[in-house]
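Encoded as structure tokens, the structure appears first; notes follow it.
The values are calculated or read from the model by the stated rules, or taken from the named source; none is laboratory data. For clarity, every value in this text was computed on a predicted model and none was experimentally measured. No Cβ is skipped: glycine too gets one built from the backbone with ideal geometry, and neighbour counts run over all protein chains shown.
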2 protein chains.
Amino acid sequence: MTERKPRKDAARNRAAVLAAADALFTDCESPEDVTMADVAAAAGVGKGTLFRAFGDRVGLVKALYEARLEPIERAVETGPPPLGPGAEPQRRVSALLDALLCFKLDNRGLALALEATGQDSPYGARHYEHWHALLRTVLEEVPGLGDEEFAAHALLAAVRADLVEHLAGRSGVPRERMRAQLADYTARVLGTAPART
Amino acid sequence: MTERKPRKDAARNRAAVLAAADALFTDCESPEDVTMADVAAAAGVGKGTLFRAFGDRVGLVKALYEARLEPIERAVETGPPPLGPGAEPQRRVSALLDALLCFKLDNRGLALALEATGQDSPYGARHYEHWHALLRTVLEEVPGLGDEEFAAHALLAAVRADLVEHLAGRSGVPRERMRAQLADYTARVLGTAPART
DNA sequence: TTGCAAAGCGGACCGTCGGTCCGTATTGTT
DNA sequence: AACAATACGGACCGACGGTCCGCTTTGCAA
């Protein structure tokens, strides 16, 4: 047992910080201008507390991100098809990417903050490996594909937070149109030809 | 004529900075740890000079990046097919992406620095629009594709600097293998089916 | 050649930000 | 009630991007 239950005030403050940070990242122009001091102040907490609870900026963002992503990961692992297991692989790939796109659309500030987290983001993050491995596995079940490894990376790159932000934010591409575009593109990669004239 | 030819010392210093920065970005672990002060020192120049010549960090990186990219853009615009105009669109798309991939492979530090340039990079950079427009145009000539707009974005995302760095650097994927993977993927998007068993 | 204004130089300086430190306050256990 | 153990929070630090301004260089023109 390396687990030690946290003290009551610690838990309370952690929750306060999480909530405050979430709010700040949600309605900010750019994640860059949410400072750690801002978060601490908004949570009514000292900076020391903030850093002790999350280590550093990256830790905070990751904690937030993972908390938000968790429902989706549950749906992916144990939910009903096509997102959950059991669907035809083509449909599932499509569903996975669509879910990811929607997530980034709904959590723009947060996703941007995570991917803007210096270093070689987002490829250093734990959850990237996770999604990549999953997508790769599902792709392997699609007949007639080689190099699922790279294809998985490339498909994930198509829903990267800053691209999504660029399209949805700067250009004003509406949500449903983006989803349709992504679905179309995915189908092309999968060889599910859209059969155009 | 708003052009005023620069003084001799100004030109010399500008060149010195460019060279020094190029060297520093080329052999650094991460672009983050090349500071402006480092560049100035390496160029044997004061920080004031550095900032006057390039405005800010982004300006410097862009100047470097564009200088390096220029030969490729010339080859694309006026060179021989398949990179230059005239080739069958499928082959040209493939050649364009391959050229971009090789460029990022050869200029990892620089490309990383540019894309790590805060804000909504790389989508704010002039040259991104340029490449996107070009790719889009060529894609339009490929029969049976819808949404060239999005497809162009998605294909460009597959050669983003940090993905390339992740694959070539962290994982040790060799250059030729990456090129093959990209070519394969591109072919799939274009509907040039590789016809596997 | 000399004079002189415009252009350029460079490093001390500034504001901000992520992150640390440590004296003080809170918890919960005996 | 007493006392560890744990957590608090804001003063503090080092680094970095960027600015400022007194001094030097340049090059034109007399």
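So is B:K5 more than 14 Å from DNA strand C (Cβ to nearest atom) and among the basic types (K, R) or not? It is false that B:K5 is more than 14 Å from DNA strand C (Cβ to nearest atom) and among the basic types (K, R).
Scanning for something more than 16 Å from DNA strand D (Cβ to nearest atom), in the same structural domain as B:L112 (by TED's automatic domain parsing) and without any contact (Cβ under 8 Å) to a residue 60 or more places away in the chain, does the stretch B:48-68 turn up at least one residue? Checked the stretch B:48-68: at least one residue is more than 16 Å from DNA strand D (Cβ to nearest atom), in the same structural domain as B:L112 (by TED's automatic domain parsing) and without any contact (Cβ under 8 Å) to a residue 60 or more places away in the chain. Scanning the stretch B:80-109 for residues being assigned to a helix (DSSP H, G or I) and over 26 Å from B:V61 (Cα atoms) gives a total of 6. Among all residues of the stretch B:75-90, there is none that is of a type outside the set (S, T, N, Q), within 30 Å of B:A37 (Cα to Cα) and either in contact with a helix residue (DSSP H, G or I) (Cβ under 8 Å, 6 or more places away or on another chain) or away from chain A (no Cβ under 14 Å) (or both). Looking across the stretch B:5-47, just one residue is aliphatic (A, V, I, L, M), near DNA strand D (Cβ under 8 Å from one of its atoms) and closer than 22 Å to B:G169 by Cα, and that is B:V34.
Among the residues of the stretch A:26-55 satisfying the criterion of being under 18 Å from A:R68 (Cα atoms) and at pLDDT below 95, which is surrounded by the most Cβ atoms within 10 Å (Cβ to Cβ)? Here the residue is A:P31. The selection criterion, being basic (K, R) and more than 20 Å from A:A152 (Cβ to Cβ), does not hold for B:R179.
Based on this model, can you work out whether B:V173 counts as within 11 Å of another protein chain (Cβ to nearest Cβ) and not in a helix (DSSP H, G or I)? Criteria met by B:V173.
This table checks each residue for (1) part of a loop (DSSP other than H, G, I, E, B); (2) aromatic (F, W, Y); (3) touching a Ser or Thr at 6+ places or on another chain (Cβ under 7 Å).
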residue	(1), (2), (3)
B:D9	no, no, no
B:L18	no, no, no
B:L24	no, no, no
B:V45	yes, no, no
B:F51	no, yes, no
B:A63	no, no, no
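In the stretch A:149-165, the residue that is farthest from the other protein chains (Cβ to nearest Cβ) out of those that are in a loop (DSSP other than H, G, I, E, B) and not charged (D, E, K, R) is A:V159.
Could you look through the stretch B:112-134, keep only residues that are touching an Asp or Glu at 6+ places or on another chain (Cβ under 8 Å) and crowded, with 20+ Cβ neighbours inside 10 Å, and pick out the one that is nearest to the other protein chains (Cβ to nearest Cβ)? Checking each candidate, the answer is B:Y123. Considering the stretch A:30-48, and only residues there that are of a type outside the set (G, A, S) and touching a Gly at 6+ places or on another chain (Cβ under 9 Å), the residue that is farthest from DNA strand C (Cβ to nearest atom) turns out to be A:P31.
The residues listed here are B:R196, B:R136, B:R179; of these, the one that is in a helix (DSSP H, G or I), farther than 24 Å from A:H166 by Cβ and either at pLDDT below 95 or not aliphatic (A, V, I, L, M) (or both) is B:R179.
Can you tell me which residues in the stretch B:139-148 are touching a Leu at 6+ places or on another chain (Cβ under 9 Å), assigned to a helix (DSSP H, G or I) and surrounded by fewer than 19 Cβ atoms within 10 Å (Cβ to Cβ)? Matches in the stretch B:139-148: B:E148 only. Within the stretch A:85-102, the set of residues being surrounded by fewer than 20 Cβ atoms within 10 Å (Cβ to Cβ) and more than 18 Å from A:E140 (Cβ to Cβ) comprises A:D98, A:A99, A:C102. A:V142 falls short on exactly one of the conditions (1) away from every other protein chain (no Cβ under 13 Å); (2) under 22 Å from A:Q181 (Cα atoms), and that condition is (1). Within the stretch B:27-44, residues that are of a type in the set (V, I, T) reach partners that are part of a loop (DSSP other than H, G, I, E, B) with beta carbons closer than 7 Å, at six or more positions or on different chains, in the pairs B:V34/B:C28. Among the numbered conditions (1) more than 16 Å from DNA strand C (Cβ to nearest atom); (2) within 14 Å of chain A (Cβ to nearest Cβ), the only one that B:D27 does not meet is (2).
Pairing residues of the stretch A:99-111 that are of a type in the set (G, A, S) with residues that are in a loop (DSSP other than H, G, I, E, B), at Cβ distances under 7 Å and at least 6 apart in sequence or on separate chains, gives A:A99/A:L83; A:G109/A:C28. Among the residues of the stretch A:56-83, write down those that are more than 13 Å from DNA strand C (Cβ to nearest atom) and loosely packed, with under 15 Cβ neighbours inside 10 Å. Answer for the stretch A:56-83, where residues must be more than 13 Å from DNA strand C (Cβ to nearest atom) and loosely packed, with under 15 Cβ neighbours inside 10 Å: A:E66, A:A67, A:E70, A:P71, A:R74, A:A75, A:E77, A:T78, A:P80, A:P81.
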